[in-house]
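Q: Right, I'll just put the structure down here and ask away after.
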Amino acid sequence: KDLLNWKFEGIVLPAVKNDPDHDLHPSKVLERPKVVYNKKTGKFVMWAHVESADYSKACAGVAVSDSPVGPFIYQGSFRPNNAMSRDQTVFVDDDGRAYQFYSSENNATMYISLLTDDYLKPSGRFTRNFVKESREAPAVFKYDGKYYMLSSGCTGWDPNVAEIAVADSIMGTWKTIGNPCTGPDADKTFYAQSTYVQPVIGKKGAYIAMFDRWKKKDLEDSRYVWLPVLIKDGKITIPWHEKWDFSIFDK
């Protein structure tokens, strides 16, 4: 309830250890899972970046559960809209429509794809954004009727400068408005990479920017950075704080 104290609920999508050809075999790669709730079907739907060991697969995978703690039933993988799908997120708008944001075309272009009503596959409607700008790690949120997207450049496991973009419509056109990060190592996104923006329930206009801090020589020991997103006079900043609490949103 406080986003600080956590209870382990078990593995929601277990590996398939006896089938080396399966997407969930330990020899394969699954990254950036995102789970959304579908009010129409009552199901929790997980989308993830599914890869082969050599990163040539570039697919999205989908799994479904009746509960947020699983078990999730894997539905398979595919290339949405017949395009590569790597770093990705899923965003549900106020009207209940869901969208997959994903890096495509060898990470050169960001696709935004409207999903079907059950959130299980692309609807066929999509847009291509940031063409040839090589953006990845999308994290999307909505504030005061506008859509915002955090993303990073493409430098492998090494950190780079973040950017934030804004749009009046979720499918675009998106306008880049600069690096929101401030403080020490802001030019390296605090040695981390965007992954999600979480609204703070019960606090209007309060969001937490979540970042992966990759440890490229020991990926299993990679950690996380959570920072407040501060919105004032139309300007969005993500300042570095070694320690902080929710009172920061009241200042």
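The values are calculated or read from the model by the stated rules, or taken from the named source; none is laboratory data. All figures in this text were calculated on a predicted structure; none of them were measured in a lab. As a convention, Cβ positions derive from the backbone with ideal geometry for all residues, glycine included, and neighbour counts pool all protein chains shown. Surface accessibility is based on the protein's heavy atoms, side chains included, excluding ligands, DNA and RNA. Shrake-Rupley method; radii C 1.70, N 1.55, O 1.52, S 1.80 Å.
Q: Going by average Cβ density within 10 Å per residue, which order do the peptides 85-96, 18-29 take, highest to lowest?
A: Final packing ranking: 85-96, 18-29.
Q: Normalising by the residue count of the chain, find the relative contact order in percent from Cα pairs under 8 Å and 6+ residues apart.
A: It rounds to 10 percent for the chain.
Q: Tell me the net charge near residue 137. Cut-off is 9 Å between Cβ atoms, residue 137 excluded, with +1 for each Lys or Arg and -1 for each Asp or Glu.
A: -1
Q: Run down the aspartates and glutamates and flag those whose C-alpha is under 19 Å from the C-alpha of residue 28, throwing out any fewer than 8 positions away in its chain.
A: Straight-distance partners of residue 28: 19, 51, 54, 87, 218, 220, 221.
Q: Still on this structure: Mind running the shape call on region 76-118? Use the C-alpha gyration tensor, a ≥ b ≥ c as the square roots of the eigenvalues: rounded below 1.5 for a/c, prolate if a/b tops b/c, oblate otherwise.
A: Prolate, since a/c reaches 1.5 and a/b exceeds b/c.
Q: Roll a 1.4 angstrom probe over the protein heavy atoms and tell me the percent of accessible area of the chain that is carbon or sulfur.
A: The C+S portion of the solvent-accessible surface of the chain is 51 percent.
Q: I've got another one for you. How big, on average over all directions, is the shadow cast by the Cα convex hull of region 1-150, in nm²?
A: 10.1 nm²
Q: Taking all pairs of distinct Cα atoms, average 1/r, flip it, and tell me the Kirkwood hydrodynamic radius of the chain in Å to one decimal place.
A: With all distinct Cα pairs of the chain included, I get 18.8 Å.
Q: Using Cα springs under 10 Å in a Gaussian network model of the chain, which residue among 35, 16, 62 shows the largest mean-square fluctuation?
A: Maximum among the listed residues: 16.
Q: Over region 1-69, what number does the Rg to Rh ratio reach, with both radii from the alpha-carbon atoms and Rh per Kirkwood?
A: Value, to two decimals: 1.03.
Q: Could you state the number of Å between the C-alpha centres of region 195-251 and region 26-62?
A: Spelled out, the Cα-based centre of one part sits 23 Å from the other.
Q: Once you've got the Cα coordinates, tell me which of 39/251; 1/204; 7/43; 34/215; 39/121 are over 28 Å apart.
A: Result: 39/251 exceed 28 Å.
Q: Give the ranking of 6, 47, 174 by solvent-accessible surface, highest area first, calculated with a 1.4 Å probe.
A: 6, 174, 47
Q: May I ask you to work out the translational diffusion coefficient for region 164-224 at 37 °C, viscosity 0.692 mPa s, via Stokes-Einstein with Rh from the Kirkwood sum over Cα pairs, reported in whole µm²/s?
A: 238 µm²/s
Q: Indicate, rounded to the nearest 5 percent, the antiparallel portion of the DSSP beta bridges found entirely in the chain.
A: Antiparallel: roughly 95 percent of the beta bridges in the chain.
Q: Skip the ligands, DNA and RNA, and give the accessible area per residue of the chain with a 1.4 Å probe, whole Å².
A: That works out to 54 Å² per residue.
Q: Then there is this: DSSP loop (so not H, G, I, E, B), at most 16 other Cβ within 10 Å: list which trypsin sites (Lys or Arg not before Pro) in region 131-236 pass both filters.
A: 132, 203, 204, 215, 216, 217
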